[in-house]
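Okay, structure first, notes after.
The values are calculated or read from the model by the stated rules, or taken from the named source; none is laboratory data. It should be emphasised that the depicted structure is a prediction, and the values quoted were computed from it without experimental measurement. Ideal geometry is used to build each Cβ from the backbone, glycine not excepted, and the neighbour counts take in all protein chains shown.
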Amino acid sequence: MCGIIGYVGTRDAAPILLEGLRRLEYRGYDSAGVAIQNGAGLQVLKLAGRVHVLKERLGHQPLHGTSGIAHTRWATHGAPTGRNAHPHRDCTGDIALVHNGIIENADALRAALERQGHRFTTETDTETLAHLIEDAAGATLEDRVIAALAHVEGTYGLAVMSAAQPGKIVVARQGSPVLLGIGENEFFVASDASAVLEYTRSVVYLDDGDIAVLTPTEYHVIDSDSHVQLREVDDVTWDLAAIELGGYPHFMLKEIMEQPDTVRATLRGRLLFEHGTARLNGLNLPPEACAEIRRIVVVACGTSWHSGLVGRHVIEDLTGIPVQVEYASEYRYRRQLALPGTLTIAISQSGETADTLEAMRAARAAGSRVLGIVNVVGSTIAREADGGIYLHAGPEIGVASTKAFTSQIVALVMLGLYLGRQRGLDEEQGREIVCRLAQLPQLVSRTLALEPQVKALAERYADKPNFLYLGRGVNFPVALEGALKLKEISYIHAEGYPAAEMKHGPIALIDANMPVVFVAPKDDVYQKVVSNMQEVKARGGRIIAFTSEGNGDLSALADQQLRVPATLPLLSPVLTSIPLQLLAYHIAVLRGCDVDRPRNLAKSVTVE
Ligand code: F6R
């Protein structure tokens, strides 16, 4: 969702804000704007389009000053126009603010403010905040922000400036991520650390309800009663190279190619060869608590939901504990069943997805212990969970999730192994899984070597309007994920199905124009999948088979076949998903799509 950045210090603010916006652009990219404080008040420039358009305009129309705020938008309320872009102003021009989140009672607030004579110039929910602060009583800007927010329902990560109090930014957080960057005589506010990393590694993650006040000489955090809150200063451990393209044309390709390293990073220090188990220190799940688990509920969205489906197979197989996988957005509004012995696992790359966070909170309110499987260190889900597993996959910038997916599967396998070993999984079997996990980075490298062949496939099929992806067992979620990757970045309609379900409907779609992608590595259901291929072949469909080494030749059935290395069936999704990521990537590039910024999407979905 939207990205915000602010700066107070001694340097020229505009270049710092623009660079920050460029790094936050994956969060939203339909319009952008900046407000700079100079001796003469607050000057605002905002327009529809990408950050580079704003940068070009500022090249002709420079704004100078040593403090400012800026925003890159993913529209929720109001079309993505220059007028609706942030920063938003009040009637007097004293206030400028940028906001990430949704003001849920905006319509009622707007009606009341208009009755009092306020003139609105945009269709956004955010503009109500500017007018509320305009009217709010208080000696300082922070007092007025606190007073205004008392009327607000919804979520916000907010940065506010006032022309009357130069060199000050007031920040507020409720439900949308915000952090402070701590420099020497300069301070930053940003939606995430990538925007400030060039200037400082020291960050303060704000909690819900926090208000922060930044000036060039100091910062402090207070609550809504103006009581000072102590917040730790954390160190960002990854470096700038992790958020640069490093010679790749797109972040998505870079992140696909990084997977040998990211899988290795997820495994690092966690495999106990001798005991055939995993060491997961952050779980906070002592053996007594493991013994009490009667069921596991996974809550997640999108790609993370798909990894949850893989996790269901793995965990049920290794532990015998029933696992249910829920769309977080549905689960959070269902009646929560307070069943004793429930362990809830929230899976999220960003750790900020609003639905996942709320589903996790609902589960906790119903008495469940909650774990997070999260990539972004310090994110809200990671901080609110009782324990969990960090992926350590490094920043994922491409909007389509790739390396997080494979790392999530690896984390879920380690969790299954750890729980399984507590509950009767035999040591020998445990050792076998540990050894096979340790081989994965190398197998991922070998899988990536298929890229030229996958690219050739993409060239052959890039003009097709529809695709069907089929798989069974632990590779059915891989079929879902392959279809999601294709549709989100190439805008081709694609559906994933369990291969045997095809004959209950989708088989009607099959003709010579329908490529059918089969995910068919060596496992217990391989022969069944081959039968499903025969059904497609009999109806003239085009078959692309992703199979594995050690399986028989499929050339009698498949138009094309590619082989990933063989591994344990439970680990195969880590390998089979990779050619599907590459296929989606190359098809999207061939179709001229903006791979890293697909239309209508944003990386971190912090609104419900
Ligand atoms: C797809 C994709 C999304 C996310 C989903 C959840 O490529 O990236 O479907 O997986 O929005 O995001 P996280 O994992 O950050 O909770």
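Pairs linking a residue in segment 416-445 that is under 25 Å from Val323 (Cα atoms) to a residue that is part of a helix (DSSP H, G or I) and modelled with pLDDT under 95, with Cβ atoms under 6 Å and 6 or more positions apart or on different chains, are Leu419/Cys290; Gln422/Pro287; Gln422/Cys290. Residues that are within 21 Å of the chain's Cα centre (by Cα), in a loop (DSSP other than H, G, I, E, B) and within 19 Å of Leu180 (Cα to Cα) within segment 226-263 comprise Val236, Thr237, Trp238, Asp239, listed in sequence order. So Lys485 ticks every box in (1) modelled with pLDDT of 95 or more; (2) more than 16 Å from Ala558 (Cβ to Cβ); (3) away from the ligand (no atom under 16 Å from the Cβ); (4) touching a Ser or Thr at 6+ places or on another chain (Cβ under 9 Å) but one. Which box is left unticked? In the conditions (1) modelled with pLDDT of 95 or more; (2) more than 16 Å from Ala558 (Cβ to Cβ); (3) away from the ligand (no atom under 16 Å from the Cβ); (4) touching a Ser or Thr at 6+ places or on another chain (Cβ under 9 Å), Lys485 misses (3) alone. Taking the criterion of being without any contact (Cβ under 8 Å) to a residue 12 or more places away in the chain and crowded, with 16+ Cβ neighbours inside 10 Å, no residue of segment 84-130 qualifies. Take the residues in segment 315-332 that are touching a strand residue (DSSP E or B) at 6+ places or on another chain (Cβ under 9 Å) and among the aliphatic types (A, V, I, L, M); name whichever of them is surrounded by the fewest Cβ atoms within 10 Å (Cβ to Cβ). Restricting to residues being touching a strand residue (DSSP E or B) at 6+ places or on another chain (Cβ under 9 Å) and among the aliphatic types (A, V, I, L, M), the top hit is Ile321. Out of segment 500-524, which residues are at pLDDT 95 or above and not aromatic (Phe, Trp, Tyr)? Selection gives Pro515, Val516, Val517, Val519, Ala520, Pro521.
One residue alone among Leu230, Leu253, Leu240 is in contact with a helix residue (DSSP H, G or I) (Cβ under 8 Å, 6 or more places away or on another chain) and either in contact (Cβ under 8 Å) with a residue 60 or more places away in the chain or closer than 30 Å to Gly9 by Cα (or both), and that residue is Leu253. Right, Ala172: among the small types (Gly, Ala, Ser), in contact with a Leu (Cβ under 7 Å, 6 or more places away or on another chain) and farther than 23 Å from Ile95 by Cα or not? No, not satisfied. Looking only at segment 87-96, decide whether some residue is in contact with a Lys or Arg (Cβ under 6 Å, 6 or more places away or on another chain) and either polar (S, T, N, Q) or more than 20 Å from Gly6 (Cβ to Cβ) (or both). Among the residues of segment 87-96, at least one is in contact with a Lys or Arg (Cβ under 6 Å, 6 or more places away or on another chain) and either polar (S, T, N, Q) or more than 20 Å from Gly6 (Cβ to Cβ) (or both), which makes the answer yes. Restricted to segment 497-512, and to residues there that are under 19 Å from Val530 (Cβ atoms) and not in a helix (DSSP H, G or I), the residue that is nearest to the ligand (Cβ to nearest atom) is Tyr497.
A quick yes/no check of all residues on (1) crowded, with 24+ Cβ neighbours inside 10 Å; (2) more than 16 Å from the chain's Cα centre (by Cα); (3) free of Cβ contacts under 8 Å to residues at least 40 places away in the same chain; (4) away from the ligand (no atom under 15 Å from the Cβ):
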| site | (1), (2), (3), (4) |
| --- | --- |
| Arg334 | no, yes, yes, yes |
| Leu337 | no, yes, yes, yes |
| Gly341 | no, yes, no, yes |
| Ala363 | yes, yes, no, yes |
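Is there a residue being within 16 Å of the ligand (Cβ to nearest atom) and at pLDDT below 95 anywhere in segment 580-594? So far as segment 580-594 goes, yes, one or more of its residues are within 16 Å of the ligand (Cβ to nearest atom) and at pLDDT below 95. Criterion applied to Val310, Val299 was being within 16 Å of the ligand (Cβ to nearest atom) and part of a strand (DSSP E or B), and the one residue passing it is Val299.
Within segment 141-188, take every residue that is touching a residue at least 60 places away in the same chain (Cβ under 8 Å) and among the polar types (S, T, N, Q) and give me the one that is farthest from Ala112 (Cα to Cα). This residue is Asn185. Within segment 235-257, the set of residues being of a type outside the set (A, V, I, L, M) and either surrounded by 15 or more Cβ atoms within 10 Å (Cβ to Cβ) or more than 17 Å from Asn375 (Cβ to Cβ) (or both) comprises Asp235, Trp238, Glu244, Gly246, Gly247, Tyr248, Pro249, His250, Phe251, Lys254, Glu255.
The condition (being within 21 Å of Pro15 (Cβ to Cβ), hydroxyl-bearing (Ser, Thr, Tyr) and touching a strand residue (DSSP E or B) at 6+ places or on another chain (Cβ under 8 Å)) is satisfied by just one residue among Thr72, Thr122: Thr72.
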